[in-house]
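Chemist: Quick one: the structure is below, questions incoming.
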Amino acid sequence: MRISFAVRPSTLRGAVVVGVWQGRRPTGAFAAIDPHGRLKKALKRLDFDGEAEETELFLAPALPLTTVVVAGLGKKKKLDPTQLRRIGGCILEELDDCRAINATVALDLPPAQAAELAYGLRLKAYRPLAKYRTKRDPDDEDDVLPVLESVVITTPDPQAAAARYAAREHIAQGVFLARDLTDEPGNVLGPAEFADRARLLESLGVEVTVLDETAIAEAGLNLLAAVGRGSNRPPRLVLLRWRGAAGRPLVLVGKGVTFDSGGISIKFDDEDMDAMKGDMGGAAAVIGALRAIAGRKAKAHVCGVLALAENMPSGRAQRPGDVVRSYSGLTVEVIDTDAEGRLVLADALAWAAATLGPKAMVDIATLTGSVEEVLGDPHAGLYANDDGLAGRLLIHSRVEAEPLWRLPLTESCDEDVKSDIADIKNCAWGEVPDNDDAARFLSRFVPEGVAWAHIDMAGKEWADEDDPLAPEAASGFGVRLFDALAGGT
Ligand code: BES
Ligand code: MN
Ligand code: ZN
């Protein structure tokens, strides 16, 4: 789908989107196509007040216009970037529903606002992987691909809008990369294949280093190796580096379990095990963020670390009760092989802190089912040992509509995860929810003095049907947050 900006479209082809402020106050373009007030009357009958994100479709209200979408803009004062993006997403959905091929969005918005609206429209216009379908069902609305080909957005200064939008197009491409990777089935995307996809970022100027199973063993990343042992497809550790500025890097670490069966502590089949192909959603967010940051040539130094493994049961798999010496030197008793995410992250965090000299380190992971029970929608869990870093993440999370809720690094968890035989154990089944134990477990692998935050995004890797910025598919959660955190515009 093409997005462009123009003072006015050359011809009014296809669908036309016009806007109405709260209280049904018409914008200029609305008034222009409604000289006799018929549309306005119809809106009144429909109880359409012009609230932000409301949309209404009219077919053939005034020839030669065949399709008109009226979009509510809400209150002018409340039209911030977050709101504009959501309105853009709602407009896209309406255009898809009426199967428009071309559309003109004539909302009389200044260039910066037009660019934000375009960004929301683009994010919602993501088309989930269709390459595995050989046939379509023309009678099933959900099985028919949307047909929208081009959208022209009117604004008094199209050059300024296009310049503002350019960076956002790169961020959207990063989000789409994360969504595509999350949606890929486990048989197609194992650790090695994921690493190959990371290598593709070299064309954007990202330095990519891949540690294979031999290098992982030599480096002493034994927790990562232990999680990957049960699979025929060995683990990988990937380092991505974008050097857009001097100084110490922001380090982003992602859990990349390409499929999580639970291992020997195998999951029950009523746990929707197929959704565990998305257990690399954290790693997808990190690679997507680097795609975005490199694409827009950010003046920032950012590293991404992907801890990639497949968690499978087999005769080689690690067992409950095994003791493993981690990269950091701490020994870990593996109580439950399904608590594998914290194991791969523990090694990745300790390795990143020791080798990359981070200015700050943030990990992101589909880590615990319990965080979903504790927080529900729409928040992911945030833990941090540094209030400044936590504060920045919370602010960006609001603007980027990837909401976080801060939870405490409860000290009593240290007692919970004491092992009888080793320094620490990987889960406790104690009084506090498992997401707290997991976060506290990770904190033990972060050296003193390193600013660190942990995002538990379990459940957020899939978008709901009513998400204004994504279709019902993989969400790409975390990309926009990390891109904003990196800054350097
Ligand atoms: N990948 C899962 C967590 C998860 C659950 C992600 C639901 C997305 C949706 C993780 O590896 C896991 O299995 N966690 C266990 C931990 C337990 C064994 C201590 C869990 O949450 O049940
Ligand atoms: Mn698991
Ligand atoms: Zn997992």
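The values are calculated or read from the model by the stated rules, or taken from the named source; none is laboratory data. Because the structure is predicted, anything quoted here is derived from the model rather than measured. So basically every Cβ, Gly included, is an ideal-geometry build from the backbone, and we count neighbours across all protein chains shown.
Chemist: Name the pairs whose Cβ atoms lie under 8 Å apart, with the first residue in region 135-152 and closer than 29 Å to Thr11 by Cβ and small (Gly, Ala, Ser), the second at pLDDT 85 or above and loosely packed, with under 12 Cβ neighbours inside 10 Å, and 6 or more positions between them or separate chains?
Modeler: Ser150/Arg2
Chemist: Looking only at region 401-430, which residues are among the acidic types (Asp, Glu) and surrounded by fewer than 23 Cβ atoms within 10 Å (Cβ to Cβ)?
Modeler: If the condition is that a residue be among the acidic types (Asp, Glu) and surrounded by fewer than 23 Cβ atoms within 10 Å (Cβ to Cβ), then Glu411, Asp414, Glu415, Asp416, Asp420, Asp423 are the ones that fit.
Chemist: Given the conditions (1) over 30 Å from Asp96 (Cβ atoms); (2) among the hydrophobic types (A, V, I, L, M, F, W, C); (3) within 14 Å of ligand 2 (Cβ to nearest atom), report the number of the one that Ala458 does not fulfil.
Modeler: Tallying (1) over 30 Å from Asp96 (Cβ atoms); (2) among the hydrophobic types (A, V, I, L, M, F, W, C); (3) within 14 Å of ligand 2 (Cβ to nearest atom), Ala458 fails exactly one: (1).
Chemist: Mind listing just one residue for me: the one in region 347-372 that is buried (at least 24 other Cβ atoms within 10 Å of the Cβ) and within 14 Å of ligand 2 (Cβ to nearest atom) and, of those, nearest to Pro433 (Cα to Cα)?
Modeler: Val371
Chemist: I've got another one for you. List the helices (runs of 4 or more DSSP H) that sit entirely inside region 155-224 and contain at least 3 residues that are touching a strand residue (DSSP E or B) at 6+ places or on another chain (Cβ under 7 Å), of a type outside the set (Asp, Glu) and outside the structural domain of Val344 (by TED's automatic domain parsing).
Modeler: Once the helices (runs of 4 or more DSSP H) in region 155-224 are filtered for at least 3 residues that are touching a strand residue (DSSP E or B) at 6+ places or on another chain (Cβ under 7 Å), of a type outside the set (Asp, Glu) and outside the structural domain of Val344 (by TED's automatic domain parsing), what remains is 158-183.
Chemist: Shifting gears a bit: Considering Arg316, Arg291, which residue is more than 29 Å from Phe482 (Cβ to Cβ), assigned by TED's automatic domain parsing to the domain that holds Gly449, away from ligand 2 (no atom under 16 Å from the Cβ) and not in a strand (DSSP E or B)?
Modeler: Numbers: Arg291 fails: more than 29 Å from Phe482 (Cβ to Cβ).
Only one candidate passes the filter, namely Arg316.
Chemist: Does Asp434 meet the test of being within 16 Å of ligand 3 (Cβ to nearest atom), in contact with a helix residue (DSSP H, G or I) (Cβ under 8 Å, 6 or more places away or on another chain), more than 23 Å from Val175 (Cβ to Cβ) and among the charged types (D, E, K, R)?
Modeler: Values: within 16 Å of ligand 3 (Cβ to nearest atom): yes; in contact with a helix residue (DSSP H, G or I) (Cβ under 8 Å, 6 or more places away or on another chain): yes; more than 23 Å from Val175 (Cβ to Cβ): yes; among the charged types (D, E, K, R): yes.
In short, yes.
Chemist: Take the residues in region 319-353 that are assigned to a loop (DSSP other than H, G, I, E, B) and within 17 Å of Leu211 (Cα to Cα); name whichever of them is farthest from ligand 3 (Cβ to nearest atom).
Modeler: Tyr327
Chemist: Restricting to region 431-470, count the residues that are under 15 Å from Val371 (Cα atoms), surrounded by fewer than 24 Cβ atoms within 10 Å (Cβ to Cβ) and without any contact (Cβ under 8 Å) to a residue 60 or more places away in the chain.
Modeler: 2
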